[in-house]
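The values are calculated or read from the model by the stated rules, or taken from the named source; none is laboratory data. Values in this document were obtained by computation on a predicted structure and should not be read as measured data. Backbone-built Cβ (ideal geometry, glycine too); neighbour counts: all protein chains shown.
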Amino acid sequence: MRTGKSERKTVGSERKNAGLGLNNVRLEMKISLPLYKIAYSLCFTVILSMIRGVILTYEIGISMEAPMALLALVFCADTYVQEITGRRSEVWRLYPMKNKLASMALRMGIQEGMLFLLSAAGYGMFILIQRPLSLYTAGESTENEWSMFLGFLLAMFVTLWFWGMFSAVLSCLLRSQWAGIGCGLVLWLVTNSTFGKAVLGDWNLFSYTFRDIENGGDLSWLWGKALCAGLCVIMALLAPQIMRKRG
Amino acid sequence: MSIKIKDLTVTFKNNVTAIDHADLEIPGGIYGLLGENGAGKTTLMRVLTTVLRPAGGAVSLDGIIYCEGNYPKIQKKIGYLPQEIDLYPNLTLQECLEYMGALSGIPKDKCRERIRYYLEKTNLTQHRRKKMRQLSGGMKRRAGLIQALLSEPEFLIVDEPTTGLDPEERIRIRNLLVDFSENRTVLFSTHVVEDLTAVCSQLAVMKKGKFLYSGSMKELLRETAGHVWTCHMADERQARELERKYHVSSKQFSENGMEIRLISRERPEIQCAPAQPTLEDAYIYIDRRSSLTK
(Lines give C-alpha, C1' and ligand atoms only; values in the text may rest on other atoms or scores of the structure.)
Protein backbone atom coordinates (compact mmCIF):
# COMPACT_ATOMS: atom_id res chain seq x y z
CA MET A 1 0.00 0.00 0.00
CA ARG A 2 1.27 3.44 -0.91
CA THR A 3 1.80 6.14 1.64
CA GLY A 4 0.28 9.55 1.03
CA LYS A 5 3.71 10.98 0.31
CA SER A 6 4.70 8.33 -2.24
CA GLU A 7 1.27 8.60 -3.86
CA ARG A 8 1.73 12.34 -4.28
CA LYS A 9 5.18 11.69 -5.72
CA THR A 10 3.77 9.23 -8.28
CA VAL A 11 0.98 11.59 -9.32
CA GLY A 12 3.54 14.36 -9.63
CA SER A 13 5.83 12.29 -11.84
CA GLU A 14 2.89 11.15 -13.96
CA ARG A 15 1.90 14.76 -14.48
CA LYS A 16 5.44 15.59 -15.43
CA ASN A 17 5.42 12.65 -17.77
CA ALA A 18 2.13 13.60 -19.39
CA GLY A 19 1.35 16.34 -21.85
CA LEU A 20 3.75 18.43 -23.86
CA GLY A 21 7.22 18.26 -22.38
CA LEU A 22 10.52 19.48 -23.76
CA ASN A 23 10.75 16.38 -25.96
CA ASN A 24 7.86 17.71 -27.93
CA VAL A 25 9.80 20.81 -28.96
CA ARG A 26 11.60 18.67 -31.54
CA LEU A 27 8.31 17.37 -32.93
CA GLU A 28 6.75 20.82 -32.96
CA MET A 29 9.82 22.08 -34.83
CA LYS A 30 9.32 19.39 -37.46
CA ILE A 31 5.66 20.35 -37.76
CA SER A 32 5.95 24.13 -37.77
CA LEU A 33 9.27 24.53 -39.58
CA PRO A 34 9.15 22.39 -42.70
CA LEU A 35 12.03 22.80 -45.14
CA TYR A 36 10.09 24.98 -47.58
CA LYS A 37 9.31 27.55 -44.88
CA ILE A 38 12.93 27.76 -43.81
CA ALA A 39 13.99 28.08 -47.47
CA TYR A 40 11.59 30.87 -48.42
CA SER A 41 12.17 32.89 -45.27
CA LEU A 42 15.96 32.68 -45.75
CA CYS A 43 15.66 33.68 -49.40
CA PHE A 44 13.37 36.57 -48.45
CA THR A 45 15.86 37.95 -45.93
CA VAL A 46 18.90 37.53 -48.17
CA ILE A 47 17.15 39.13 -51.15
CA LEU A 48 15.84 41.98 -48.96
CA SER A 49 19.32 42.73 -47.68
CA MET A 50 20.59 42.81 -51.25
CA ILE A 51 17.94 44.86 -53.04
CA ARG A 52 16.73 47.34 -50.39
CA GLY A 53 19.35 50.05 -50.63
CA VAL A 54 20.68 51.70 -47.45
CA ILE A 55 23.34 54.38 -47.13
CA LEU A 56 23.43 54.88 -43.36
CA THR A 57 23.23 52.21 -40.65
CA TYR A 58 20.12 53.67 -38.98
CA GLU A 59 18.22 52.98 -42.21
CA ILE A 60 18.58 49.21 -41.76
CA GLY A 61 15.86 48.97 -39.10
CA ILE A 62 13.52 51.12 -41.17
CA SER A 63 14.17 48.93 -44.20
CA MET A 64 13.53 45.72 -42.32
CA GLU A 65 10.59 46.21 -39.95
CA ALA A 66 7.69 46.27 -42.43
CA PRO A 67 8.99 43.54 -44.81
CA MET A 68 9.80 41.23 -41.89
CA ALA A 69 6.29 41.86 -40.53
CA LEU A 70 4.95 40.75 -43.90
CA LEU A 71 7.10 37.64 -43.70
CA ALA A 72 5.74 36.91 -40.20
CA LEU A 73 2.20 37.36 -41.52
CA VAL A 74 2.71 34.63 -44.11
CA PHE A 75 5.01 32.44 -42.03
CA CYS A 76 2.75 32.03 -39.00
CA ALA A 77 -0.63 31.90 -40.76
CA ASP A 78 -0.74 28.10 -40.77
CA THR A 79 0.16 27.69 -37.07
CA TYR A 80 -3.23 26.22 -36.20
CA VAL A 81 -5.05 26.27 -39.51
CA GLN A 82 -2.90 23.38 -40.76
CA GLU A 83 -4.91 21.21 -38.38
CA ILE A 84 -8.06 22.25 -40.24
CA THR A 85 -6.64 21.78 -43.74
CA GLY A 86 -5.05 18.48 -42.65
CA ARG A 87 -8.49 17.39 -41.40
CA ARG A 88 -7.10 16.73 -37.93
CA SER A 89 -9.08 19.46 -36.21
CA GLU A 90 -11.95 17.09 -35.39
CA VAL A 91 -9.52 14.89 -33.48
CA TRP A 92 -7.89 17.96 -31.91
CA ARG A 93 -11.27 18.95 -30.54
CA LEU A 94 -11.08 15.98 -28.18
CA TYR A 95 -7.76 17.06 -26.64
CA PRO A 96 -7.69 19.07 -23.40
CA MET A 97 -7.63 22.83 -24.11
CA LYS A 98 -4.54 23.22 -21.89
CA ASN A 99 -2.55 20.87 -24.14
CA LYS A 100 -3.83 22.47 -27.33
CA LEU A 101 -2.82 25.93 -26.12
CA ALA A 102 0.57 24.66 -24.96
CA SER A 103 1.15 23.16 -28.39
CA MET A 104 0.12 26.35 -30.17
CA ALA A 105 2.30 28.48 -27.87
CA LEU A 106 5.23 26.19 -28.60
CA ARG A 107 4.66 26.42 -32.35
CA MET A 108 4.40 30.22 -32.18
CA GLY A 109 7.54 30.39 -30.04
CA ILE A 110 9.50 28.23 -32.50
CA GLN A 111 8.38 30.22 -35.54
CA GLU A 112 8.85 33.61 -33.90
CA GLY A 113 12.27 32.51 -32.64
CA MET A 114 13.27 31.57 -36.16
CA LEU A 115 12.04 34.90 -37.56
CA PHE A 116 13.77 36.82 -34.77
CA LEU A 117 17.10 35.13 -35.47
CA LEU A 118 16.57 35.76 -39.16
CA SER A 119 15.98 39.47 -38.46
CA ALA A 120 19.18 39.69 -36.46
CA ALA A 121 21.04 37.84 -39.22
CA GLY A 122 19.39 40.09 -41.82
CA TYR A 123 20.70 43.18 -40.01
CA GLY A 124 24.18 41.71 -40.24
CA MET A 125 23.69 40.89 -43.91
CA PHE A 126 22.75 44.50 -44.66
CA ILE A 127 26.02 45.60 -43.06
CA LEU A 128 28.08 42.94 -44.80
CA ILE A 129 26.55 43.33 -48.25
CA GLN A 130 25.89 47.08 -48.46
CA ARG A 131 28.49 48.42 -46.01
CA PRO A 132 26.40 51.42 -44.86
CA LEU A 133 28.03 54.42 -43.19
CA SER A 134 27.80 54.96 -39.46
CA LEU A 135 26.89 58.45 -38.29
CA TYR A 136 28.20 57.58 -34.83
CA THR A 137 31.65 56.76 -36.20
CA ALA A 138 31.56 59.96 -38.23
CA GLY A 139 30.79 61.84 -35.01
CA GLU A 140 27.42 63.08 -36.23
CA SER A 141 25.26 61.02 -33.85
CA THR A 142 25.30 60.18 -30.16
CA GLU A 143 23.60 56.80 -30.63
CA ASN A 144 26.19 54.08 -31.05
CA GLU A 145 25.74 51.07 -33.32
CA TRP A 146 25.12 48.58 -30.52
CA SER A 147 22.34 50.58 -28.88
CA MET A 148 20.79 51.05 -32.33
CA PHE A 149 20.96 47.28 -32.88
CA LEU A 150 19.42 46.55 -29.46
CA GLY A 151 16.61 49.01 -30.20
CA PHE A 152 16.07 47.22 -33.51
CA LEU A 153 15.94 43.81 -31.78
CA LEU A 154 13.40 45.08 -29.25
CA ALA A 155 11.20 46.56 -31.97
CA MET A 156 11.45 43.43 -34.13
CA PHE A 157 10.63 41.15 -31.20
CA VAL A 158 7.33 42.94 -30.64
CA THR A 159 6.58 43.48 -34.34
CA LEU A 160 7.15 39.82 -35.24
CA TRP A 161 5.03 38.60 -32.32
CA PHE A 162 2.19 40.89 -33.25
CA TRP A 163 2.04 40.13 -36.97
CA GLY A 164 2.67 36.40 -36.52
CA MET A 165 0.03 36.07 -33.87
CA PHE A 166 -2.39 38.29 -35.75
CA SER A 167 -2.29 36.11 -38.86
CA ALA A 168 -2.42 32.84 -36.86
CA VAL A 169 -5.45 33.93 -34.84
CA LEU A 170 -7.21 35.49 -37.81
CA SER A 171 -6.61 32.40 -39.98
CA CYS A 172 -8.08 30.22 -37.24
CA LEU A 173 -11.06 32.55 -36.86
CA LEU A 174 -11.71 32.55 -40.61
CA ARG A 175 -10.69 28.88 -40.97
CA SER A 176 -8.49 29.83 -43.91
CA GLN A 177 -4.81 30.67 -44.09
CA TRP A 178 -5.34 32.85 -47.17
CA ALA A 179 -8.20 34.80 -45.62
CA GLY A 180 -6.00 35.42 -42.58
CA ILE A 181 -3.10 36.59 -44.72
CA GLY A 182 -5.42 38.73 -46.86
CA CYS A 183 -6.97 40.54 -43.88
CA GLY A 184 -3.54 40.96 -42.32
CA LEU A 185 -2.27 42.45 -45.56
CA VAL A 186 -5.00 45.11 -45.49
CA LEU A 187 -3.96 46.15 -41.97
CA TRP A 188 -0.31 46.09 -43.04
CA LEU A 189 -1.02 48.37 -46.00
CA VAL A 190 -3.06 50.80 -43.91
CA THR A 191 -0.58 51.09 -41.05
CA ASN A 192 2.54 51.05 -43.21
CA SER A 193 1.54 54.18 -45.15
CA THR A 194 1.72 57.93 -44.87
CA PHE A 195 -2.00 57.81 -44.03
CA GLY A 196 -1.29 55.41 -41.14
CA LYS A 197 1.60 57.60 -39.99
CA ALA A 198 -0.53 60.74 -40.04
CA VAL A 199 -3.56 59.21 -38.30
CA LEU A 200 -1.93 56.94 -35.71
CA GLY A 201 1.26 58.88 -35.01
CA ASP A 202 3.27 57.32 -32.18
CA TRP A 203 0.60 54.62 -31.79
CA ASN A 204 1.21 53.25 -35.26
CA LEU A 205 2.00 49.52 -35.36
CA PHE A 206 5.10 50.48 -37.35
CA SER A 207 6.11 53.28 -34.98
CA TYR A 208 9.74 52.12 -35.10
CA THR A 209 9.84 52.67 -38.87
CA PHE A 210 8.20 56.10 -38.56
CA ARG A 211 10.29 57.26 -35.59
CA ASP A 212 12.31 60.47 -35.62
CA ILE A 213 15.62 59.10 -36.83
CA GLU A 214 17.47 62.36 -36.36
CA ASN A 215 16.76 62.27 -32.65
CA GLY A 216 18.22 59.06 -31.24
CA GLY A 217 16.97 59.85 -27.73
CA ASP A 218 13.33 60.01 -28.83
CA LEU A 219 11.63 56.87 -27.53
CA SER A 220 8.05 57.83 -28.31
CA TRP A 221 7.96 54.93 -30.83
CA LEU A 222 7.70 52.63 -27.80
CA TRP A 223 4.00 53.57 -27.55
CA GLY A 224 3.31 51.85 -30.84
CA LYS A 225 5.21 48.79 -29.71
CA ALA A 226 3.36 48.81 -26.38
CA LEU A 227 0.11 48.81 -28.37
CA CYS A 228 1.36 45.79 -30.37
CA ALA A 229 2.27 43.98 -27.12
CA GLY A 230 -1.13 44.83 -25.62
CA LEU A 231 -2.91 43.49 -28.71
CA CYS A 232 -0.82 40.30 -28.45
CA VAL A 233 -2.05 39.80 -24.89
CA ILE A 234 -5.67 40.32 -25.99
CA MET A 235 -5.24 37.82 -28.84
CA ALA A 236 -3.66 35.30 -26.46
CA LEU A 237 -6.64 35.66 -24.14
CA LEU A 238 -9.09 35.24 -27.02
CA ALA A 239 -7.27 32.23 -28.51
CA PRO A 240 -9.00 29.53 -26.38
CA GLN A 241 -12.43 30.88 -27.26
CA ILE A 242 -11.58 31.10 -30.96
CA MET A 243 -10.18 27.56 -30.94
CA ARG A 244 -13.28 26.28 -29.19
CA LYS A 245 -15.68 27.95 -31.60
CA ARG A 246 -13.78 27.86 -34.88
CA GLY A 247 -11.14 25.16 -34.40
CA MET B 1 -21.45 2.77 -21.46
CA SER B 2 -24.53 3.67 -23.46
CA ILE B 3 -25.40 6.58 -25.69
CA LYS B 4 -28.94 7.89 -25.95
CA ILE B 5 -30.15 10.07 -28.77
CA LYS B 6 -33.60 11.62 -28.56
CA ASP B 7 -35.35 13.60 -31.28
CA LEU B 8 -32.00 14.72 -32.67
CA THR B 9 -32.11 17.27 -35.47
CA VAL B 10 -29.13 18.75 -37.28
CA THR B 11 -29.70 21.53 -39.78
CA PHE B 12 -26.98 23.24 -41.76
CA LYS B 13 -26.82 26.93 -42.66
CA ASN B 14 -28.17 26.24 -46.16
CA ASN B 15 -31.32 24.79 -44.52
CA VAL B 16 -30.39 21.21 -45.36
CA THR B 17 -31.56 18.86 -42.62
CA ALA B 18 -28.84 16.26 -42.22
CA ILE B 19 -30.49 14.47 -39.27
CA ASP B 20 -34.22 14.64 -38.91
CA HIS B 21 -35.79 13.97 -35.48
CA ALA B 22 -33.79 10.78 -34.94
CA ASP B 23 -33.99 8.51 -31.88
CA LEU B 24 -31.38 5.88 -31.11
CA GLU B 25 -29.84 4.02 -28.21
CA ILE B 26 -26.34 2.65 -28.63
CA PRO B 27 -25.50 -0.07 -26.09
CA GLY B 28 -22.03 -1.47 -25.20
CA GLY B 29 -20.07 -3.53 -27.73
CA ILE B 30 -19.70 -2.82 -31.43
CA TYR B 31 -22.63 -0.98 -32.93
CA GLY B 32 -22.83 -0.75 -36.72
CA LEU B 33 -24.01 2.29 -38.59
CA LEU B 34 -25.00 1.53 -42.14
CA GLY B 35 -26.27 3.85 -44.83
CA GLU B 36 -25.71 5.17 -48.32
CA ASN B 37 -23.45 8.16 -48.97
CA GLY B 38 -25.07 11.32 -47.63
CA ALA B 39 -27.40 9.42 -45.28
CA GLY B 40 -26.19 11.43 -42.27
CA LYS B 41 -23.77 8.94 -40.71
CA THR B 42 -20.82 11.31 -40.58
CA THR B 43 -23.04 14.15 -39.32
CA LEU B 44 -24.26 11.93 -36.50
CA MET B 45 -20.69 11.05 -35.59
CA ARG B 46 -19.68 14.70 -35.66
CA VAL B 47 -22.46 15.44 -33.19
CA LEU B 48 -21.33 12.58 -30.96
CA THR B 49 -17.73 13.85 -31.02
CA THR B 50 -18.98 17.37 -30.08
CA VAL B 51 -17.76 18.84 -33.37
CA LEU B 52 -21.31 19.79 -34.42
CA ARG B 53 -23.99 21.34 -32.23
CA PRO B 54 -27.44 19.94 -32.95
CA ALA B 55 -30.35 22.25 -33.79
CA GLY B 56 -32.68 20.23 -31.58
CA GLY B 57 -33.05 17.12 -29.47
CA ALA B 58 -30.85 15.65 -26.78
CA VAL B 59 -27.83 13.37 -26.66
CA SER B 60 -26.35 11.80 -23.56
CA LEU B 61 -23.31 9.63 -22.97
CA ASP B 62 -23.51 7.47 -19.88
CA GLY B 63 -26.02 9.92 -18.43
CA ILE B 64 -23.92 13.00 -19.22
CA ILE B 65 -26.01 15.37 -21.32
CA TYR B 66 -24.29 16.94 -24.33
CA CYS B 67 -24.01 20.65 -23.53
CA GLU B 68 -21.20 23.21 -23.61
CA GLY B 69 -20.39 22.77 -19.92
CA ASN B 70 -20.12 18.99 -20.19
CA TYR B 71 -18.09 18.87 -23.40
CA PRO B 72 -14.65 18.56 -21.74
CA LYS B 73 -15.96 15.65 -19.63
CA ILE B 74 -17.46 13.95 -22.70
CA GLN B 75 -14.44 14.60 -24.94
CA LYS B 76 -12.20 12.77 -22.46
CA LYS B 77 -14.22 9.59 -22.98
CA ILE B 78 -14.15 9.63 -26.78
CA GLY B 79 -11.72 8.40 -29.42
CA TYR B 80 -12.41 9.32 -33.02
CA LEU B 81 -11.21 8.23 -36.42
CA PRO B 82 -12.70 10.60 -39.02
CA GLN B 83 -13.41 9.51 -42.57
CA GLU B 84 -10.45 11.51 -43.84
CA ILE B 85 -7.40 12.54 -41.86
CA ASP B 86 -3.93 13.61 -43.01
CA LEU B 87 -1.51 12.91 -40.20
CA TYR B 88 1.66 15.01 -39.94
CA PRO B 89 3.59 14.26 -43.17
CA ASN B 90 6.98 15.34 -41.79
CA LEU B 91 6.83 13.11 -38.71
CA THR B 92 7.59 9.41 -38.62
CA LEU B 93 4.75 7.08 -37.67
CA GLN B 94 6.21 6.61 -34.17
CA GLU B 95 6.69 10.36 -33.68
CA CYS B 96 3.23 11.14 -34.96
CA LEU B 97 1.59 8.73 -32.51
CA GLU B 98 3.77 9.94 -29.63
CA TYR B 99 2.82 13.52 -30.44
CA MET B 100 -0.90 12.81 -30.60
CA GLY B 101 -0.66 10.71 -27.45
CA ALA B 102 1.02 13.60 -25.63
CA LEU B 103 -1.72 15.95 -26.80
CA SER B 104 -4.29 13.54 -25.35
CA GLY B 105 -2.47 13.81 -22.04
CA ILE B 106 -1.30 10.20 -21.88
CA PRO B 107 1.83 9.74 -19.72
CA LYS B 108 4.84 9.18 -21.97
CA ASP B 109 5.77 5.67 -20.78
CA LYS B 110 2.21 4.44 -21.01
CA CYS B 111 1.88 6.04 -24.42
CA ARG B 112 4.99 4.29 -25.78
CA GLU B 113 3.78 0.98 -24.40
CA ARG B 114 0.40 1.37 -26.09
CA ILE B 115 1.98 2.49 -29.37
CA ARG B 116 4.15 -0.64 -29.35
CA TYR B 117 1.09 -2.79 -28.71
CA TYR B 118 -1.13 -1.24 -31.37
CA LEU B 119 1.64 -1.09 -33.99
CA GLU B 120 2.06 -4.82 -33.47
CA LYS B 121 -1.69 -5.43 -33.64
CA THR B 122 -2.04 -3.46 -36.87
CA ASN B 123 1.08 -4.96 -38.44
CA LEU B 124 2.83 -1.59 -38.65
CA THR B 125 5.82 -2.19 -36.36
CA GLN B 126 8.29 -2.45 -39.24
CA HIS B 127 7.05 0.88 -40.67
CA ARG B 128 7.29 2.93 -37.47
CA ARG B 129 10.39 4.82 -38.60
CA LYS B 130 8.91 5.79 -41.96
CA LYS B 131 7.61 9.31 -42.46
CA MET B 132 3.84 9.58 -42.64
CA ARG B 133 4.03 10.83 -46.23
CA GLN B 134 5.86 7.63 -47.22
CA LEU B 135 3.08 5.34 -45.97
CA SER B 136 0.45 3.84 -48.25
CA GLY B 137 -3.23 4.76 -47.92
CA GLY B 138 -4.03 1.60 -45.97
CA MET B 139 -1.11 2.16 -43.58
CA LYS B 140 -2.23 5.74 -42.97
CA ARG B 141 -5.71 4.48 -42.23
CA ARG B 142 -4.34 2.04 -39.65
CA ALA B 143 -2.21 4.81 -38.15
CA GLY B 144 -5.35 6.92 -37.89
CA LEU B 145 -7.07 4.10 -36.06
CA ILE B 146 -4.17 3.79 -33.60
CA GLN B 147 -4.37 7.50 -32.71
CA ALA B 148 -8.06 6.98 -31.92
CA LEU B 149 -7.32 3.95 -29.73
CA LEU B 150 -4.31 5.43 -27.90
CA SER B 151 -6.21 7.05 -25.05
CA GLU B 152 -8.19 3.79 -24.64
CA PRO B 153 -11.48 5.68 -24.83
CA GLU B 154 -14.71 4.37 -23.36
CA PHE B 155 -16.53 5.37 -26.53
CA LEU B 156 -14.74 4.83 -29.84
CA ILE B 157 -16.18 6.30 -33.02
CA VAL B 158 -14.73 5.02 -36.28
CA ASP B 159 -15.85 6.30 -39.64
CA GLU B 160 -15.12 3.73 -42.34
CA PRO B 161 -11.98 2.36 -40.70
CA THR B 162 -11.40 -0.34 -43.29
CA THR B 163 -11.32 1.93 -46.35
CA GLY B 164 -8.26 1.19 -48.48
CA LEU B 165 -7.27 -1.96 -46.58
CA ASP B 166 -6.52 -5.27 -48.25
CA PRO B 167 -8.64 -8.28 -47.19
CA GLU B 168 -6.07 -9.59 -44.71
CA GLU B 169 -5.68 -6.21 -42.99
CA ARG B 170 -9.44 -5.77 -42.97
CA ILE B 171 -9.78 -8.94 -40.90
CA ARG B 172 -6.96 -7.84 -38.62
CA ILE B 173 -8.62 -4.48 -37.95
CA ARG B 174 -12.01 -6.06 -37.39
CA ASN B 175 -10.48 -8.42 -34.82
CA LEU B 176 -8.72 -5.52 -33.13
CA LEU B 177 -12.01 -3.65 -32.84
CA VAL B 178 -13.79 -6.70 -31.48
CA ASP B 179 -11.10 -7.11 -28.79
CA PHE B 180 -11.20 -3.41 -28.02
CA SER B 181 -14.99 -3.32 -27.66
CA GLU B 182 -14.95 -5.47 -24.50
CA ASN B 183 -16.48 -3.29 -21.76
CA ARG B 184 -16.54 -0.37 -24.20
CA THR B 185 -18.73 1.02 -26.94
CA VAL B 186 -17.57 1.19 -30.54
CA LEU B 187 -19.63 2.97 -33.16
CA PHE B 188 -18.58 1.51 -36.50
CA SER B 189 -19.81 3.41 -39.52
CA THR B 190 -19.46 1.98 -42.98
CA HIS B 191 -21.21 1.29 -46.23
CA VAL B 192 -19.32 -1.99 -46.57
CA VAL B 193 -21.93 -4.48 -45.41
CA GLU B 194 -19.41 -7.32 -45.10
CA ASP B 195 -17.52 -5.48 -42.32
CA LEU B 196 -20.62 -5.17 -40.18
CA THR B 197 -21.64 -8.80 -40.69
CA ALA B 198 -18.27 -9.82 -39.32
CA VAL B 199 -18.25 -7.71 -36.15
CA CYS B 200 -21.65 -6.34 -35.13
CA SER B 201 -24.63 -7.90 -33.47
CA GLN B 202 -26.48 -4.57 -33.28
CA LEU B 203 -26.84 -1.96 -35.97
CA ALA B 204 -28.76 1.01 -37.27
CA VAL B 205 -29.58 1.76 -40.89
CA MET B 206 -29.74 5.42 -41.92
CA LYS B 207 -31.26 7.11 -44.90
CA LYS B 208 -31.75 10.81 -45.52
CA GLY B 209 -31.14 11.69 -41.89
CA LYS B 210 -33.56 9.12 -40.45
CA PHE B 211 -33.13 5.69 -38.95
CA LEU B 212 -34.84 3.10 -41.12
CA TYR B 213 -33.93 0.40 -38.64
CA SER B 214 -32.19 0.04 -35.31
CA GLY B 215 -31.82 -3.15 -33.36
CA SER B 216 -30.23 -6.56 -33.61
CA MET B 217 -28.78 -8.03 -36.75
CA LYS B 218 -30.77 -11.24 -36.12
CA GLU B 219 -34.06 -9.36 -35.99
CA LEU B 220 -33.23 -7.52 -39.20
CA LEU B 221 -32.47 -10.79 -40.99
CA ARG B 222 -35.65 -12.34 -39.56
CA GLU B 223 -37.68 -9.42 -40.92
CA THR B 224 -36.14 -9.90 -44.35
CA ALA B 225 -36.63 -13.68 -44.43
CA GLY B 226 -39.22 -14.75 -46.98
CA HIS B 227 -38.57 -11.73 -49.19
CA VAL B 228 -35.34 -12.88 -50.82
CA TRP B 229 -35.31 -15.05 -53.93
CA THR B 230 -32.68 -16.50 -56.13
CA CYS B 231 -32.92 -17.31 -59.82
CA HIS B 232 -30.76 -17.92 -62.86
CA MET B 233 -30.74 -15.93 -66.08
CA ALA B 234 -29.02 -16.93 -69.29
CA ASP B 235 -27.22 -13.63 -69.89
CA GLU B 236 -26.80 -10.01 -68.88
CA ARG B 237 -29.61 -8.83 -71.19
CA GLN B 238 -32.18 -10.99 -69.41
CA ALA B 239 -30.79 -9.91 -66.06
CA ARG B 240 -31.29 -6.27 -67.03
CA GLU B 241 -34.92 -6.98 -67.93
CA LEU B 242 -35.44 -8.56 -64.55
CA GLU B 243 -33.87 -5.55 -62.84
CA ARG B 244 -36.56 -3.36 -64.35
CA LYS B 245 -39.27 -5.38 -62.57
CA TYR B 246 -37.61 -6.26 -59.24
CA HIS B 247 -35.08 -4.97 -56.75
CA VAL B 248 -31.91 -6.96 -57.40
CA SER B 249 -29.57 -7.24 -54.43
CA SER B 250 -26.78 -9.09 -56.23
CA LYS B 251 -25.75 -10.49 -59.58
CA GLN B 252 -23.02 -13.04 -60.07
CA PHE B 253 -21.73 -14.95 -63.04
CA SER B 254 -22.03 -18.73 -62.53
CA GLU B 255 -21.81 -21.94 -64.55
CA ASN B 256 -25.48 -21.58 -65.57
CA GLY B 257 -25.28 -17.96 -66.68
CA MET B 258 -26.09 -15.40 -64.03
CA GLU B 259 -27.22 -16.05 -60.48
CA ILE B 260 -29.48 -13.26 -59.32
CA ARG B 261 -30.85 -12.42 -55.88
CA LEU B 262 -34.15 -10.54 -55.83
CA ILE B 263 -36.01 -8.73 -53.09
CA SER B 264 -39.76 -9.11 -53.41
CA ARG B 265 -42.64 -9.36 -50.97
CA GLU B 266 -44.25 -12.11 -53.03
CA ARG B 267 -42.76 -14.93 -55.05
CA PRO B 268 -41.66 -13.44 -58.42
CA GLU B 269 -43.44 -14.64 -61.57
CA ILE B 270 -40.34 -16.40 -62.82
CA GLN B 271 -38.66 -19.65 -61.93
CA CYS B 272 -36.95 -18.93 -58.60
CA ALA B 273 -36.31 -20.31 -55.13
CA PRO B 274 -36.45 -18.68 -51.68
CA ALA B 275 -33.01 -17.79 -50.28
CA GLN B 276 -31.46 -17.17 -46.86
CA PRO B 277 -31.17 -13.38 -46.47
CA THR B 278 -27.76 -11.78 -46.04
CA LEU B 279 -27.19 -8.36 -44.45
CA GLU B 280 -26.86 -6.92 -47.95
CA ASP B 281 -30.34 -8.25 -48.83
CA ALA B 282 -31.69 -6.96 -45.53
CA TYR B 283 -30.22 -3.53 -46.16
CA ILE B 284 -31.86 -3.32 -49.56
CA TYR B 285 -35.12 -4.67 -48.17
CA ILE B 286 -35.19 -2.06 -45.39
CA ASP B 287 -34.10 0.68 -47.73
CA ARG B 288 -36.76 -0.03 -50.39
CA ARG B 289 -39.46 -1.53 -48.18
CA SER B 290 -41.97 1.19 -48.95
CA SER B 291 -41.48 0.87 -52.71
CA LEU B 292 -41.79 -2.93 -52.79
CA THR B 293 -45.07 -3.54 -54.54
CA LYS B 294 -44.52 -7.19 -55.08
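Below are the figures for this structure:
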item	result
Selection count where residues are surrounded by 14 or more Cβ atoms within 10 Å (Cβ to Cβ) and either modelled with pLDDT of 95 or more or out of contact with any Ser or Thr (no Cβ under 7 Å at 6 or more places or on another chain) (or both), scope region A:209-222	5
Single match in B:G28, B:G79 (criterion: closer than 17 Å to B:V158 by Cβ, touching a helix residue (DSSP H, G or I) at 6+ places or on another chain (Cβ under 7 Å) and not acidic (D, E))	B:G79
Selection from region B:5-60 of residues that are assigned to a strand (DSSP E or B) and in contact with a His (Cβ under 9 Å, 6 or more places away or on another chain)	B:D7, B:L8, B:T9, B:L34, B:G35, B:G56, B:G57
Pair list, Cβ < 6 Å and 6+ apart or interchain, from region A:141-161 residues that are under 14 Å from A:A66 (Cα atoms) to residues that are acidic (D, E)	A:T159/A:E65; A:L160/A:E112; A:W161/A:E112
Lone unmet requirement of (1) within 14 Å of chain A (Cβ to nearest Cβ); (2) small (G, A, S); (3) surrounded by fewer than 22 Cβ atoms within 10 Å (Cβ to Cβ) for B:G79	(3)
Those residues of region B:59-76 which are of a type in the set (A, V, I, L, M, F, W, C) and in contact with a helix residue (DSSP H, G or I) (Cβ under 8 Å, 6 or more places away or on another chain), in sequence order	B:V59, B:L61, B:I64
Failed item in (1) free of Cβ contacts under 8 Å to residues at least 40 places away in the same chain; (2) away from every other protein chain (no Cβ under 13 Å); (3) out of contact with any strand residue (DSSP E or B) (no Cβ under 7 Å at 6 or more places or on another chain), with B:R129 passing the rest	(3)
Hey, B:G40 among the small types (G, A, S) and buried (at least 17 other Cβ atoms within 10 Å of the Cβ) or not	yes
Hits in region B:155-180 (condition: of a type in the set (D, E, K, R) and either outside the structural domain of B:T43 (by TED's automatic domain parsing) or farther than 20 Å from B:Y31 by Cβ (or both))	B:D166, B:E168, B:E169, B:R172
One residue from B:S60, B:S151 being closer than 21 Å to B:G29 by Cβ and away from chain A (no Cβ under 11 Å)	B:S60
Number of positions in region B:250-292 that are assigned to a loop (DSSP other than H, G, I, E, B) and over 26 Å from B:K207 (Cβ atoms)	7
Residue in region A:133-141 that is more than 12 Å from chain B (Cβ to nearest Cβ), touching a strand residue (DSSP E or B) at 6+ places or on another chain (Cβ under 7 Å) and not acidic (D, E) present	yes
Every residue from region B:186-231 that is modelled with pLDDT of 95 or more and of a type in the set (V, I, T)	B:V186
Filter pass, B:Y80 being of a type in the set (F, W, Y), without any contact (Cβ under 8 Å) to a residue 60 or more places away in the chain and closer than 21 Å to A:M97 by Cβ	no
Qualifying residue in region A:85-108 (condition: hydroxyl-bearing (S, T, Y), assigned to a helix (DSSP H, G or I), within 14 Å of chain B (Cβ to nearest Cβ) and out of contact with any Leu (no Cβ under 9 Å at 6 or more places or on another chain))	yes
Odd one out for B:L177, checked against (1) modelled with pLDDT under 90; (2) crowded, with 19+ Cβ neighbours inside 10 Å	(1)
Test: residue in region A:183-192 that is touching a Gly at 6+ places or on another chain (Cβ under 7 Å), surrounded by 15 or more Cβ atoms within 10 Å (Cβ to Cβ) and in contact (Cβ under 8 Å) with a residue 40 or more places away in the chain	no
